[in-house]
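For reference, the structure discussed in these notes is given below.
The values are calculated or read from the model by the stated rules, or taken from the named source; none is laboratory data. Being a predicted model, the structure only gives us computed values, none of them experimental. Neighbour counts are summed over all protein chains in view; Cβ atoms, including those assigned to glycine, are modelled from backbone coordinates with ideal geometry. Surface accessibility is based on the protein's heavy atoms, side chains included, excluding ligands, DNA and RNA. Shrake-Rupley method; radii C 1.70, N 1.55, O 1.52, S 1.80 Å.
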Amino acid sequence: MTSADDGASAHRRVAAAAQRGITGFETQTWFRTLGVGSWLAFGIACVLALALFLVALVAEVAIPLAIAAVLAAILVRLVDGLERWRVPRWLGATLVLILGLSLIVATVALVASAIFSQSDEIWSQLEASLEQVGDSDTAPLAGASDELIGVTHEVVRLLTSGLLGSLFSSASSFVVGTVLAIFMLLFLLKDWTQITTWASGHVGLPPEVGHSILDGTVSAFRGYATGLTIIGAANAAVVAVGAVVLGVPLAGTIALVSFITSYVPYLGAFVAGAFAVLIAYGSGGL
């Protein structure tokens, strides 16, 4: 019995020592937090990558739906106003859709006609600006006007044959996407209340919270569109007045380009500014 007791006691001591060793091997709190955070970040990145992959698979439907949703958030107030005037919802949505499409077509036609009708004058002013740069004694590109004009022609050709060529090569996809966006926009305008009520109750949050989030998102889109329009109109007015005062030709075209490109984030301001500066430099020099 003594030998058995001694063996059991030794076994317990060994087990206790092993337990103390395991317990003593503890990581720091910050290290455990970093490890858990790293795995969480990895999991979130994987979920986002999977979501983007799925969206890419249905991009031909997802992109028109996103465009229609943004436009519906901006235009639905007009449909609501017509409904308060006792206009049937379906008729109000149709009228607003026709009005929006008419404005888009008219704007594109106005910009295109203004640019194409004065394309010769625009190009002559651009060439004049490049020639002035090349003829300037202090310019770093002195004597290189012919090369500059050739490079500019090549850039225009590449843009025309590359970007526009790729656009027209996928004309069928563009037409299908446009038709889908129009039909989605029509149904969103018509059934906006039912759709938003259903969506706010199926975001995994209490309906009140989901409705508040959806209202905030819609208000943000409306405010963004309103702000872009106001800023674009103000910029176009200032540029037009400045061009007229300085005697720069094509003031109306410059103002129109400034207004339209204000809806393009980041690059729009650079394009409009470069266009105005080149025309001004070509007509009046530095």
So for the range 209-217 (the condition being at pLDDT below 90, open to solvent by less than 50 Å² (accessible area, probe 1.4 Å) and under 17 Å from the mean Cα position of the chain (by Cα)), does at least one residue qualify? no
Got a sec? Which of 233, 225, 240 is more than 18 Å from residue 270 (Cα to Cα), at pLDDT 85 or above and in a helix (DSSP H, G or I)? 225
Would you point out the residue of the range 243-265, among those that are among the hydrophobic types (A, V, I, L, M, F, W, C) and open to solvent by 30 Å² or more (accessible area, probe 1.4 Å), that is nearest to residue 120 (Cα to Cα)? 256
Looking for something open to solvent by less than 70 Å² (accessible area, probe 1.4 Å), within 25 Å of residue 64 (Cβ to Cβ), in contact with a Ser or Thr (Cβ under 8 Å, 6 or more places away or on another chain) and of a type outside the set (Ser, Thr, Tyr) - is there at least one such residue anywhere in the range 189-207? no
Pairs where the first residue, in the range 33-62, is in a helix (DSSP H, G or I) and the second is open to solvent by 60 Å² or more (accessible area, probe 1.4 Å) and of a type outside the set (S, T, N, Q), C-beta under 6 Å, 6+ apart: 62/55
Scope the range 43-65; condition within 16 Å of the chain's Cα centre (by Cα), closer than 11 Å to residue 180 by Cβ and modelled with pLDDT under 85; matching residues: 62, 63
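Would you check which residues across the range 188-234 are hydroxyl-bearing (Ser, Thr, Tyr) and under 23 Å from residue 94 (Cβ atoms) and list them?
Quick first cut of the range 188-234, residues hydroxyl-bearing (Ser, Thr, Tyr) only: 193, 196-197, 200, 212, 217, 219, 224, 226, 229.
Scanning the range 188-234 gives 193, 196, 197.
If I filter the range 74-111 down to residues being open to solvent by less than 50 Å² (accessible area, probe 1.4 Å) and either among the basic types (Lys, Arg) or within 23 Å of the chain's Cα centre (by Cα) (or both), which single residue comes out as modelled with the lowest pLDDT? Please lay out each step first, then the result.
Taking the range 74-111 as the starting set, the residues that turn out to be open to solvent by less than 50 Å² (accessible area, probe 1.4 Å) are 75-76, 79-82, 87, 89, 92-94, 96-97, 100, 111.
From what is left, the residues that are either among the basic types (Lys, Arg) or within 23 Å of the chain's Cα centre (by Cα) (or both) are 75-76, 89, 97, 100, 111.
Values: 75: 88, 76: 90, 89: 92, 97: 92, 100: 86, 111: 67.
Per the stated criteria, the residue is 111.
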